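Here is the structure we will look at.
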Amino acid sequence: MHRFSRAGFLATVAIIASVPQVAAAQESGGGIETVTVTAERRSEDITKVPESISAFQKDKMDVLGVKNVADLVKFTPGINYDPDSKDISIRGINSDAGSATTGVYIDDTPIQIRNLGFNSNSTLPAIFDLDRVEVLRGPQGTLFGAGSEGGTIRYITPQPSLTDYSVYARSELSFTQNGGPSYEGGAAVGGPISDTLGFRVSAWARQDGGYVDHVDDKTLDLQQGDSNTLDNYAMRAALMWQPVQALTITPSVFFQSSDQANSDDYWVSISRPSSGVFRTGTPEPMKDNDQFYLPSLKADYQFGGSDLIFNASYFTRHENVNGYSGTLYNLSYFQQLVDSGTDPDGRSCKRGFCFDHLADEPPLLLPTGLNLPGYPDNYVSVATITNRQQNFTSEMRLQSTDTGSPLTWVVGAFFQSQHQQSTEQINDPQLPALTEFLWGEDMSRAWGQHLLANGDDYINQTEGHDRQFALFANATYAITDALKLQAGVRAAWTHFSFVNFANGPQDFGFSSGAGASDESPITPMVSVSYQINDSDMVYATFSKGYREGGANAPTPPSCDGDLKSLGLTSAPDSYGSDTVDNYELGTKDSFLDRHLQISGSVFYLNWNNIQQNNYLPTCGIQYTANLGTASSKGFDLQGDWLITDDLELDATLGYVDAYYTDTAFAGPNPGKGVQPLTVKGEALPGSPWTASVGGQYNTSVWGRDAYIRADYEFTGKAYGTGGGYAAGTSSFDPSLVPDPAYSQVSLRAAMQFGNLNMALFANNLFNAHPQLDLNHQDQFTELFEAITLRPRTVGITATYKY
């Protein structure tokens, strides 16, 4: 039985909504529609901005059926997205250590997260009532600062109007093959309240039905069908007050909640993807609950050919996620102790004494599930990661508004104070019984400590404080009408500090620590562009990006052996910022009287002092250090062709070749047999090739505007093995294989009824089911998990626009 959620109720009672204007690609004068972006903090025609940008307006996103960032990435060259970690890689720049490498902005507020511990996932806004989304490829260190090392994604919300009323509504009902139904409903309304006051409010809810069944790992009996449902809710309200003609003040608040009941991972050995059967036997539900609030205030004062803009916001987020299975993790860890012939405290333990009953038995984890013969209970241990963010951000900038002047400029100051907390817990009330079962010992002898009072056998909590103050300036000077020179610089002063504690039997007692790091990075950029004619422009750019450094918590005594093998007496107290130097050549061209537009760029990046995690296998702890260098080179192309007034094509093609340029060891004097962390020539994670092709035919049916559209998306075979790890490195796992190349096709047909548009769609038409993100607990564990694309989904969308 499928739940009938609030999202389903809204979808049923609100079958109103609108979709894209059918021939949205045309202007009154013919040709492809002009898209305005604010990538350089002022409104500009995208074809005149000397930068590699993809921009998606609301109407276009409706035509493409875009609901989230994963949908967006399919139509954006040079980007990879990991749906598990929510990491976005632009031009190969991505790391699960330290600060974020991709900036994520809601209007003028950065919301990316620092990796303080395990599974510090960023949140991403839902795509409903948005004016547009801008994807900026390459470092954006001058105008967008730290965290925009590889690029930036900006979610731009619609502003209230003082002159016009508008309504936008969308609802959807769809069915996934061998899965549950999905529902959606939402509406946005805005307009003037008086001559000086306007408003815009929106509310939206969606449930994505599951398609992975949860089964008993011993009997394979169904426990919950379609268990990986996802519920999303979002609300936003904004006012615009214009007390005088030159001044507007816009307060707003944005709320979003996401609740995933179980992960999309399936167990490889008990699933049959070719038959649409995806099963997981992980005993505990792998949930992900994520909420954020974003109140903000914007003031804009225009005077004397200049614009003074002030923004302030307070981003509050709470995420509680089962980042990994405590049951599977513990059993894989205990198996290593069993195999080594020691108890948890390192004492020798011979077969026939400590675990006589396990002699000649298979491992504790089989490909099909748990294996604890003779253990009286069903073993379950729950691991949770809690991420909290409280970010205060303010920015003031002064910029020119005279577009006819040969000099345009922007100067500003930025301040952010971020308080973040990461808590990792393993709750395992059965550990005393399991310890007695496996080793014939009580907790105090085997672990040296009893369970914590709440049943935890491990807790690790880190509170971090980031402060950043920056001054920035960017100016463009027209040397001639065609030749322009742009230059910018950002000077920042950053401070990071943290306090940490860990406790529990798996930490072998209480430990704590603190640390701090201060830096003063400078990020310049320079660009020269030449407007050959009104239709063709070429440019060359150098830009620099960075992300802040940080500090490490001390490692427990159980890690001393790992550190000694690397020539270290302790983990480094801190790590510095890493930087990206980007060299880019690009062109933006229009042909056939603006019926064909093509933009493209080639790039070469150097990534220096990379922040990387070094995992210490004996104690299961990791720390962050600046280790290694890398390069990335490639190109991106995107084009739109209005072949006739009725037929249009769009296409993208991206290639990224990212690899380490040196061999890096985690310590200065690694001992014999210690493998490097990275090796020269090793590929960074991600797919080198991405492509998409879409075609839309606009027509008239029974006197009503209509269209039919088909889209094809391709992702090439991924680099590396299991996330890019190369043979010969400390992280190499011979059991893992790269993600294969895959493609998917979608169809959409729509008809207009006044302001109402009805569209039928089929996503993943040919039901592609590639095995993606193959993983297991460690290289000795026989139980493998993977994810795949959502199976074939067909449905109807109704959208209304006034």
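The values are calculated or read from the model by the stated rules, or taken from the named source; none is laboratory data. Just so it is clear, the structure is predicted and the values come from calculations on it, not from any experiment. Cβ placement follows ideal geometry from the backbone for every residue including glycine, while neighbour counts extend to all protein chains displayed. With ligands, DNA and RNA removed, areas are computed over all heavy atoms of the protein, side chains included. Shrake-Rupley method; radii C 1.70, N 1.55, O 1.52, S 1.80 Å.
Remarks
- Length-normalised contact order for the chain - Cα pairs under 8 Å, 6+ apart - percent: 12
- Ellipticity at 222 nm from helices only: DSSP H runs of n ≥ 4 in the chain, each -39500 (n - 2.57), divided by the residue count, give -2000 deg cm²/dmol.
- With R₀ fixed at 25 Å, the C-beta to C-beta distance from Asp573 to Arg445 puts the FRET efficiency at about 0.15.
- Cβ-based net charge around Phe310, under 14 Å, with every Lys or Arg adding one and every Asp or Glu removing one: -2
- Label point of Asp593 set 7 angstrom out along Cα-Cβ; within region 630-647, amide nitrogens under 19 Å from it belong to 640-647.
- Once the Cα-Cα distance is subtracted from the 0.36 nm per residue extended length, the Ala246 to Leu220 segment shows a gain of 2.6 nm.
- Lys, Arg +1 and Asp, Glu -1 on Cβ, resulting dipole of the chain about Cα centre, debye, nearest 20: 1040
- Peptides 242-248, 568-574 ordered by average Cβ neighbours within 10 Å, highest first: 568-574, 242-248
- For region 538-641, radius of gyration divided by Kirkwood radius, i.e. Rg to Rh on alpha-carbons: 1.27
- Under the Debye formula (equal points on every Cα, no solvent term), log10 I(q)/I(0) of region 570-718 at q = 0.18, 0.19, 0.21 Å⁻¹: -1.09, -1.16, -1.27
- According to the Kirkwood relation over distinct C-alpha pairs, the hydrodynamic radius of region 570-621 is 15.6 Å.
- Dipole magnitude (debye, nearest 20) for region 46-179, charges at Cβ of Lys, Arg, Asp, Glu: 220
- Take each peptide in 543-555, 449-461, count the other Cβ atoms within 10 Å of every residue, and average; sorted highest first, the result is 543-555, 449-461.
- Expressed per residue, the C-alpha convex hull volume of region 119-171 stands at 129 Å³.
- For Lys287, the aspartates and glutamates whose Cα comes closer than 15 Å to its Cα, not counting residues fewer than 8 places off in the same chain, are Asp84, Asp208, Asp213, Asp226, Asp231, Asp259, Asp264, Asp265, Glu319, Glu424.
- The structure shown yields Cα extents along the principal axes in Å, and of the options (1) 87, 58, 48; (2) 124, 78, 52; (3) 94, 93, 55 that calculated value carries the label (1).
- Look at the alpha carbon pairs under 8 Å that are at least 6 residues apart: their mean separation over the length of region 504-626 gives a relative contact order of 25 percent.
- Surface analysis of region 534-591 yields an accessible area of 38 Å² per residue, using protein heavy atoms and a 1.4 Å probe.
- Stokes-Einstein translational diffusion, region 30-111 - Kirkwood Rh over all Cα pairs, 0.890 mPa s, 25 °C, in µm²/s: 167
- Each semi-axis of the equivalent ellipsoid for region 409-450 is √(5λ) with λ an eigenvalue of the Cα gyration tensor; in descending order they amount to 51, 9, 8 Å.
- Cα centre as origin, Lys/Arg/Asp/Glu Cβ charges: region 439-573 dipole, Debye: 500
- Neighbour-limited loop hits for chymotrypsin sites (Phe, Trp or Tyr not before Pro), region 681-748 (at most 14 other Cβ within 10 Å; DSSP other than H, G, I, E, B): Trp702
- Kirkwood Rh and Cα Rg combined as Rg/Rh, region 742-788: 1.36
- Across the options Leu774, Tyr655, Ala683, the greatest Cα extent toward the positive end of the charge dipole of region 639-798 (unit charges at beta carbon of Lys, Arg, Asp, Glu) belongs to Leu774.
- Extending 7 Å from Cα along the Cβ direction at Val526 and again at Thr196 yields two label points whose distance is 4.9 nm.
- With the Kirkwood sum run over all distinct C-alpha pairs, region 420-490 has a hydrodynamic radius of 17.6 Å.
- Region 197-283: Rg to Rh, with Rh as the Kirkwood radius over Cα pairs: 1.37
- Among the lysines of region 534-692, pairs that are 8 or more positions apart or on different chains and have alpha carbons within less than 23 Å of each other number 6.
- Heavy-atom accessible surface of region 624-730: percent carbon and sulfur, 1.4 Å: 59
- Gyration tensor over alpha-carbon atoms, region 397-533, equivalent ellipsoid semi-axes in Å: 59, 16, 11
- Shown in residue order for region 567-572 are the 3J(HN,Hα) couplings computed by the Karplus curve 6.51 cos²θ - 1.76 cosθ + 1.60 at θ = phi - 60°: x, 10, 9, 7, 5, x Hz (x for Gly and Pro).
- The spacing between region 380-418 and region 742-763, judged by their C-alpha centroids, is 36 Å.
- Gyration tensor verdict on region 113-202 (Cα atoms; rounded if a/c is under 1.5, prolate if a/b is larger than b/c, oblate otherwise): oblate
- Within the assembled protein chains, the solvent-accessible surface assigned to Arg388 is about 80 Å², based on a 1.4 Å probe.
- Taking the average, over residues, of other Cβ atoms within 10 Å as the packing measure, peptides 670-679, 601-610, 77-86 rank 77-86, 601-610, 670-679 from highest down.
- Phe761 accessible area, 1.4 Å probe, all protein chains in place, Å² to nearest 10: 10
- Label zone at Thr34 (point 7 Å along Cα-to-Cβ), backbone N below 18 Å, region 460-488: 482
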